[in-house]
Amino acid sequence: MQVPTPAAAMAIRDSLEEEVLIALVRAAWLAAERSNAVTAAAGLSPSQYNVLRILRAAGRGGLSCTEIGARMVTRDSDLTRLMSGLAHAGLVVRGTDSDDRRRSTNRITAAGRALLRRLDRAVADAAKQTLGSLGRTRLTALRDLLVAFAPPQPSDLT
């Protein structure tokens, strides 16, 4: 997949903020390209992969769609449809919460965990290929700047 070079947009120098925003969006696209190729080869969209990682981290308790949505890296407009597809593939199981029958709980299955384990190394390698040339000092500085720009929310940390 070729990432378009926004030459005309990069030439606009109306403000430093606009220039940084354009560079940030382009960098995010480029950074995701390799890992998205890894997950696509396994038949997963970036959103599906994100949901599986969230549910793996949640453990046996699982999460509701609302809780999953709050933890997503990118927002999916139809999380219910996304969850249904993952359930149909046998990667998640959906059930009713024992404390609140109106609430559904989603849990990753053994097949979902196994798929993530198979992808873990390739996704980590893709990240290293994409960002490794920056070196530890620059990566740490970049992470710190990005966290300052978009601090983790309490739901991101659980």
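The values are calculated or read from the model by the stated rules, or taken from the named source; none is laboratory data. Everything quoted here is computed from the prediction, not taken from an experiment. Ideal geometry is used to build each Cβ from the backbone, glycine not excepted, and the neighbour counts take in all protein chains shown. Note: accessible area is taken over every heavy atom of the protein model, side chains too, but ligands, DNA and RNA are not part of it. Shrake-Rupley method; radii C 1.70, N 1.55, O 1.52, S 1.80 Å.
May I ask you to list the residues of the stretch 43-59 whose amide nitrogen lies under 19 Å from a point 7 Å from Cα along the Cα→beta-carbon direction of R103?
54-59
Tell me the trypsin sites (Lys or Arg not before Pro) within the stretch 22-113 that lie in a loop according to DSSP and have at most 10 other beta-carbon atoms within 10 Å.
R75, R101, R102
Which residues' amide hydrogens lie under 5 Å from the amide hydrogen of V92, considering only partners 5 or more residues apart or on another chain, with H built in the peptide plane?
Excluding prolines and chain starts, which carry no amide H, the hits are A87, T109.
Pulled fully out, how much extra length does the chain show between A27 and T96, if you take 0.36 nm times their separation in residues and subtract their Cα-Cα distance?
20.8 nm
Which value does Rg/Rh take for the chain over its C-alpha atoms, Rh per Kirkwood?
Over the Cα atoms of the chain, Rg/Rh equals 1.02.
For the stretch 18-65, rounded, prolate or oblate, judged on the Cα gyration tensor with a ≥ b ≥ c (square roots of eigenvalues), a/c < 1.5 rounded, else prolate if a/b > b/c?
Here the stretch 18-65 falls in the oblate category.
Remind me, what semi-axes does the stretch 32-118 give for its equivalent ellipsoid, largest first in whole Å, using sqrt of 5 times each Cα gyration tensor eigenvalue?
So the three semi-axes of the stretch 32-118 are 22, 14, 11 Å.
Based on the Cβ-Cβ distance from D120 to E19, what FRET efficiency comes out when R0 is 30 Å, to the nearest 0.05?
Rounded to the nearest 0.05, the efficiency is 0.25.
What residue among L16, L52, L79 has the largest mean-square fluctuation in a Gaussian network model of the chain, using Cα springs under 10 Å?
Fluctuation is largest for L16.
In whole Hz and in residue order, list the ³J(HN,Hα) couplings for the stretch 69-84 that follow from phi through the Karplus curve 6.51 cos²θ - 1.76 cosθ + 1.60, θ = phi - 60°; x for Gly and Pro.
Each residue's phi maps through the Karplus curve to give x, 5, 9, 5, 5, 10, 7, 10, 6, 9, 5, 4, 5, 4, 5, 4 Hz.
Which angle between 0 and 90 degrees, to the nearest 10, do you get for helix 110-131 versus the longest principal axis of the chain when only C-alpha atoms count?
In the chain, helix 110-131 runs at an angle near 10 degrees to the longest axis.
Consider a paramagnetic label point 7 Å from the Cα of A57 along Cα→Cβ; state which residues of the stretch 131-155 have an amide N under 13 Å from it.
Correct set: 152-155.
Placing unit charges on C-beta atoms (Lys and Arg positive, Asp and Glu negative, everything else neutral), compute the dipole magnitude of the stretch 72-139 about its Cα centre in debye, rounded to 20.
In total the dipole reaches around 200 debye.
First compute the accessible area of the chain with a 1.4 Å probe, then give the percent of it belonging to carbon and sulfur atoms.
Looking at the chain in its full context, I get 58 percent from C and S.
How far apart, in nm, are two points set 7 Å out from the Cα along the Cα-to-Cβ line at R113 and at R143?
Computed distance between label sites R113 and R143 equals 2.6 nm.
Keeping every protein chain present and rolling a 1.4 Å probe, give me the accessible area per residue for the chain in Å².
Here the per-residue accessible area is 67 Å².
Rounded to the nearest 20 Debye, what is the dipole magnitude of the stretch 35-109 about its Cα centre when Lys and Arg each give +1 and Asp and Glu each give -1 at the C-beta?
Roughly 100 debye for the stretch 35-109.
Excluding S47 itself, calculate the net charge of residues whose Cβ lies under 13 Å from the Cβ of S47, where each Lys or Arg counts +1 and each Asp or Glu counts -1.
+2
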